[in-house]
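**Q** I am attaching a structure below and will ask some questions about it afterwards.
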Amino acid sequence: MASAEAKHVLVVEDEQHLAIGIKYNFEAEGYRVTLAPDGPTALALFKDDPSAIDLIILDLMLPGMSGYAVCEALREAGNDVPILMLSARTLTEDRIRGMDVGADQYLEKPFDLDELLAMVRNLLARRGRGPVHASRRKLADEFEFGGAKINFDTFKVSVNGRSLRLTSMEMKLLRYFIENEGSVISRAQLLDDVWGLSGSPTTRTVDNFMMRLRRYFEKDPAHPRHFLSVRGAGYRFVSREEEGGDAE
Ligand code: CA
């Protein structure tokens, strides 16, 4: 990574005055900034060069194609560029949905430019460092359990020889479980450490993601042996099969 080079931030925002305000402020901080007024323009930039952009500031409400759809399209294409989603909405569901489609951070409008700058700095630093959280286990890029082979560097995942494609959020969650193998992890802890939300009133998202991990990795998702439910407490991952009761 050429750290001496200016980080290239893409701002996808149709409100021109806001986009230009962000551009000036970020350029003053030494960033290189490109503006895109809509989703298709943004996605076209990635088609030309998937690694040209270091971070995206993505507005949720865009004409034609929503920020969600842009985010989803990038993640489905296997691009894990950090995405900071902006939204005028205040509903937690929107925030959760943003995270579901693979956004890394979420900031509500109106926001303070210093806060935005700080979030961008953190996201970029995090990316340079690798995993977000202090791992209890030093994880190699490759990990195997059951019939699963996972490469966290290339995002290649296979189960019994069959290739799977996981979203970046699914990979994050999987990695977190593997790094914390054997520990009981609460939904709230997962939201804090993996999604980066604190005090969220809903944990449905976590359960949906657990369902997906089980579908990918369990022989019988209804009777998990690796991604275990711990009643009233949360979840626990074990690489060696264990009796886990039902999937709840
Ligand atoms: Ca907008």
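The numbers here are math on the coordinates, done by the rules we state, and not lab data. Given the structure is predicted, the values throughout are model-derived calculations rather than measurements. All Cβ positions, glycine included, derive from the backbone under ideal geometry; neighbour counts span all protein chains shown.
**Q** For the residue pair ASP207 and GLU142, what label-to-label distance in nm results when each label sits 7 Å from Cα along the Cα-to-beta-carbon direction?
**A** 3.8 nm
**Q** Would you grab the residues whose amide H sits under 5 Å from the one on TYR106? Only those 5+ places off in sequence or on another chain, please, with H modelled 1.01 Å from N.
**A** For TYR106, whose amide H was placed from the backbone, the distant partners under 5 Å are MET85.
**Q** Okay, moving on. Within segment 224-245, find all residues whose amide N lies under 13 Å from a label point positioned 7 Å from the Cα of SER186 along Cα-to-beta-carbon.
**A** 232-235
**Q** Hey, can you grab everything whose amide H is under 5 Å from the amide H of LYS156? Only 5+ residues off in sequence or another chain; H modelled, so Pro and N-termini drop out.
**A** When sequence neighbours closer than 5 places are left aside, the close amide H contacts are ASN151.
**Q** Ok, one more. Local charge sum around ASN208 (other residues, Cβ-Cβ under 12 Å, Lys/Arg +1, Asp/Glu -1)? Mind dumping the intermediate values first?
**A** Values: positive: ARG97, ARG187, ARG204, ARG212, ARG214, ARG215; negative: ASP100, GLU170, ASP207.
Local net charge: +3.
**Q** For a quick check: with amide H placed at 1.01 Å from N, whose amide H comes under 5 Å from VAL33's, ignoring anything fewer than 5 positions away on the same chain?
**A** Those qualifying (amide H under 5 Å, at least 5 residues apart or on another chain) are VAL9.
**Q** Given the options LEU18, LEU191, LEU107, which has the most mean-square fluctuation in a GNM of the chain, springs set between C-alpha atoms less than 10 angstrom apart?
**A** Fluctuation is largest for LEU18.
**Q** So what are the ³J(HN,Hα) numbers for segment 40-48, from phi and the Karplus equation (6.51, -1.76, 1.60; θ = phi - 60°), rounded to whole Hz, Gly and Pro as x?
**A** In residue order, the calculated couplings are x, 4, 4, 5, 4, 4, 6, 4, 5 Hz.
**Q** Where does each of MET99, MET119, MET65 land when they are ranked from fewest to most other beta-carbon atoms within 10 angstrom? Numbers along the way, then the final one.
**A** Working: MET99 24, MET119 19, MET65 16.
With the fewest neighbours first, MET99, MET119, MET65 line up as MET65, MET119, MET99.
**Q** Tabulate in residue order the Karplus-calculated ³J(HN,Hα) for segment 60-73, using 6.51 cos²θ - 1.76 cosθ + 1.60 with θ = phi - 60°, rounded to whole Hz; enter x for Gly and Pro.
**A** 6, 8, 10, x, x, 10, 6, x, 4, 5, 5, 4, 4, 4
**Q** Can you tell me what share of the DSSP beta bridges in the chain is antiparallel? A percent to the nearest 5 is fine.
**A** Antiparallel bridges make up about 50 percent of those DSSP assigns within the chain.
**Q** In nm, to one decimal, how far is the modelled label at ILE20 from the one at ALA222, with both set 7 Å along Cα→Cβ?
**A** In this crude label model, ILE20 to ALA222 measures out at 6.1 nm.
**Q** Right, another one. For ALA88 and ASN151, FRET efficiency with R0 = 30 Å and r from the beta-carbon atoms, rounded to 0.05?
**A** The computed FRET efficiency comes out at 0.20.
**Q** Angle, helix 204-217 long axis vs. longest principal axis of the chain, Cα atoms, 0 to 90°, nearest 10?
**A** Value to nearest ten degrees: 60.
**Q** Hey, could you grab the Kirkwood Rh for segment 8-129? Inverse mean 1/r over distinct alpha carbon pairs, Å, one decimal.
**A** That comes to 14.1 Å for segment 8-129.
**Q** How big, on average over all directions, is the shadow cast by the Cα convex hull of the chain, in nm²?
**A** Values: hull surface 54.6 nm².
Seen from a random direction, the Cα hull of the chain projects 13.7 nm² on average.
**Q** Give me a comma-separated list of calculated 3J(HN,Hα) values for segment 8-21, in order, Karplus coefficients 6.51, -1.76, 1.60 applied at θ = phi - 60°, integers in Hz, x for any Gly or Pro.
**A** 9, 9, 9, 10, 9, 7, 8, 7, 4, 5, 5, 4, 5, x
**Q** Counting helices only, and only those DSSP H runs with n ≥ 4, report the 222 nm mean residue ellipticity of the chain as the sum of -39,500 (n - 2.57) divided by its residues, in deg cm²/dmol to the nearest 500.
**A** Computed ellipticity for the chain at 222 nm equals -11000 deg cm²/dmol.
**Q** Looking only at ASP220, ASP38, ASP54, which one moves most when the chain is put into a Gaussian network model with springs between Cα atoms under 10 Å?
**A** With Cα springs under 10 Å in the chain, the top fluctuation among ASP220, ASP38, ASP54 is at ASP220.
**Q** What is the spin-label model distance, in nm, from GLU76 to PHE111 if the labels are put 7 Å beyond Cα along the C-beta direction?
**A** Label at GLU76, label at PHE111, 2.5 nm between them.
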